[in-house]
Amino acid sequence: MKNNEKIISSNKKAAFDYTLFDRFEAGICLLGTEIKSIRDNGANLKDSYIKITDNLEAFIINSHISEYKFGNINNHDPRRERKLLLNKKEILKILNKQKQEKYTIVPTKMYYKNSWVKLEIALAKGKKLYDKRDSIKKKDIERDIQRI
């Protein structure tokens with residue numbers, strides 16, 4: 001993490017359920033009430049994923065940004081699709097890898113970079129049950145070593 005980055009929300013479940021490969025930084029289109037809610041720690045990336053449409057636009061699906069508590073009747077929908085801001089080259093690169101190697105695109109963390117909200121996305125492959133067990137064993141061994 002760099003000096004000018006502050007993590008808002010991270011998706012720890014993605015690192016457990018998937019083997020993560022290439023990572024990309026994307027901007028995200030947000031409404032005013034969503035920004036205010038994020039500043040009040042109202043963002044959650046659990047169970048969310050990225051979908052790329054036919055006309056080369058990327059969207060984050062199923063992410064939760066709580067309604068702003070001081071918002072009025074025009075408050076946002078907490079689970080709406082939000083557009084990601086990526087270059088066409090990046091989208092094509094992601095799309096090619098997704099089709100060729102059967103990757104899933106998952107968000108790993110949301111953070112501030114200077115005054116902008118950014119989303120880190122990663123190409124990932126799902127882990128099998130035995131891979132998840134191995135991950136748990138490695139964490140337990142590392143924790144035991146740290147205690148000693």
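General remarks:
- Peptides 110-118, 94-102 ordered by average Cβ neighbours within 10 Å, highest first: 110-118, 94-102
- Highest-first arrangement of 6-12, 30-36, where packing means the average Cβ count within 10 Å: 30-36, 6-12
- Across all directions, the average projected area of the convex hull around the alpha carbons of the chain is 11.2 nm².
- Measuring between alpha carbons in the structure, the pairs from 99/128; 51/139; 46/138; 89/113 lying more than 26 angstrom apart are 51/139.
- Close amide H partners of residue 68, meaning residues 5 or more places away or on another chain with modelled amide H under 5 Å apart, are 76.
We did not get these values from a lab; they are worked out from the coordinates using the rules stated. Worth saying up front: this structure is predicted, and the values here are computed from it rather than measured. When we count neighbours, we look across all protein chains shown, and the Cβ atoms used for this are built from the backbone with ideal geometry, even at glycine.
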